[in-house]
1. For Thr319 and Thr407, FRET efficiency with R0 = 56 Å and r from the beta-carbon atoms, rounded to 0.05?
2. State, to one decimal in nm, how far the label point of Thr418 lies from the label point of Lys233, with both points 7 Å from Cα in the Cβ direction.
3. From the square roots a ≥ b ≥ c of the eigenvalues of the alpha-carbon gyration tensor of region 187-280, which class results: rounded (a/c under 1.5), prolate (a/b over b/c), or oblate?
4. Tell me, in nm to one decimal, what length is gained between Asp100 and Arg50 on full extension, where the rule is 0.36 nm per residue of separation less the Cα-Cα distance?
5. Given points 7 Å out from each Cα along the Cα-Cβ axis, report the His293 to His40 separation in nanometres with one decimal.
6. Set the bar at 23 Å for Cα to Cα. Now go through Lys365/Lys426; Lys388/Lys426; Lys331/Lys427; Lys384/Lys445; Lys365/Lys421 and name every pair that lies beyond it.
7. For a quick size check, give me the Cα extents of region 289-445 along its three principal axes, largest first, whole Å.
8. Could you tell me the ratio Rg/Rh of region 68-121? Both radii from Cα atoms, Rh via Kirkwood.
Amino acid sequence: MSVAMAREELPPLGRKIRRAVLYYRGAERAERSAQPLGLHMLRNHCADHRYAVEKTFIDYDEGYTLDRPGLASMQSYALRTRPDLVLVKDWNHLGKREVDRARIVQTLAAVGVQVESVNAVGDPRLTWPSDAPRGPMRASRPAQPVNGGPVPTATAIPAQKTGTKPTLDYVPLTGPVPAGHQRGETFIHEDVRITPELAQQFLAVNAEFNRQSSPDLERQMAGEMEAGEWDGKSPEGMVFDNQGRLIDGQTRCRAIILSGHDGLIVDVHHNYDPEVFAKLNRGRKRTTAHTLHSAGFGSANHVAACVNLLERYRACFATPPVPYTEWRKMKLSSQRVVDIAKATPDIVTCLQLTGPLANLVKMTKTVGAVGYYLIREAAGRDQKLLDKAEEFLAGVLDPVDAGAGRTDPRTALHRNITRAKLNGVKKSHSEQLGLWLRAWEMFVKGEQTNALSWQDGRSDMPRVYMPGRVRRGK
């Protein structure tokens, strides 16, 4: 349970007001009934050193874990408002491990907030733990200029004249408040490079407002970042609300921390009303199909599905291989799908050629197009093999018209898929593709069969068979 109390103490006239925030961890539930002695020590220390206590955060019965509501609120508040001092009774109130305590102090020190303990021996400021790198505590790496432009820096709000109210309720981490800023106005810090350290500060400020994380999406983004797909300026910015909470950009920050990527550059928007932003951001999310359509592709949904299946098939024979039973875990970014689609224009041709499969055979358009594309790709410029591929497709579409007998592999494939559909059996993409490639191999070899044998989840995904070529792998 967390309890926050506010108390203002004004110093004598003519002296600068120094602001302090107190944090206390109460070990006993009984301490709730009265003011703990430890809190009196903290307040007396502030009075002796001319600090005005701005806010107090308390945790009861929360143990030494870092997952404490009062501790999280204290860090969030301190990072937003940047008091001169955060005061604790004992260092172990922050955390049991020295490394955990040092991480909290370093995060606050990066924005100019000093942390002290009244019970520390000698210098009350925290010393660097023995198992951490030596040297003074440093702020995060400075942002790098973009195209030679100015670098945004985290600076405090300039002192205002006595009697005037601040125009912002928090201190931005990405730069100063613009001159002439009026209360309630939004503003932008352009071209901010989001380093892992800055992303960590964004999330620390957001401790009370973090949305539920999506580990799969974060890992996907992190992998894309490591592959260099997120380098440079992003058209999608990050947004802070009027309380200094990050309301758009949390998943990207977690992915940056996970990958260690420091090449993402965004515009950071400040001082948005969260309710107004929610309404503005309520539109449909931009899908991969939207991106493909913008790039000039027709049938964008089908093209996107084909590219995803094609890459999943290729992953079966990559190093390390990804078995088809784990295809669902594979995700491609929209830009990656567009790049592959541009590099494989024949996939669109195959979609058009295999379109009738959906009506005549009840085979998924995606599987038919990718299966036919794989055969044409493997055939290359060999006209005999390309003719053979065309003959195979014709026999699958209409075995009777193509002159395929009852034991022809093309007839067996046609029968297998259509009967499954009639019986209400839904075959996965991997099973349909496995059957397609097995039928192609038997057709090219001149083999006959009454029924194709390929079990989803048990059989190996076949490679594309080409006569006269050495087959490697399964």
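Throughout, read-outs are computed from the coordinates displayed, never taken from laboratory work. Computed from a predicted model, the values in this text were never measured in an experiment. We place every Cβ from the backbone using ideal geometry, glycine too, and count neighbours over all the protein chains shown.
1. The value I calculate is 0.90.
2. In this crude spin-label approximation the distance works out to 5.8 nm.
3. prolate
4. 15.1 nm
5. For the pair His293/His40, the computed spacing is 7.0 nm.
6. From Lys365/Lys426; Lys388/Lys426; Lys331/Lys427; Lys384/Lys445; Lys365/Lys421, over 23 Å: Lys388/Lys426.
7. Dimensions of region 289-445 along the principal axes of its Cα atoms: 45, 36, 32 Å.
8. 0.93
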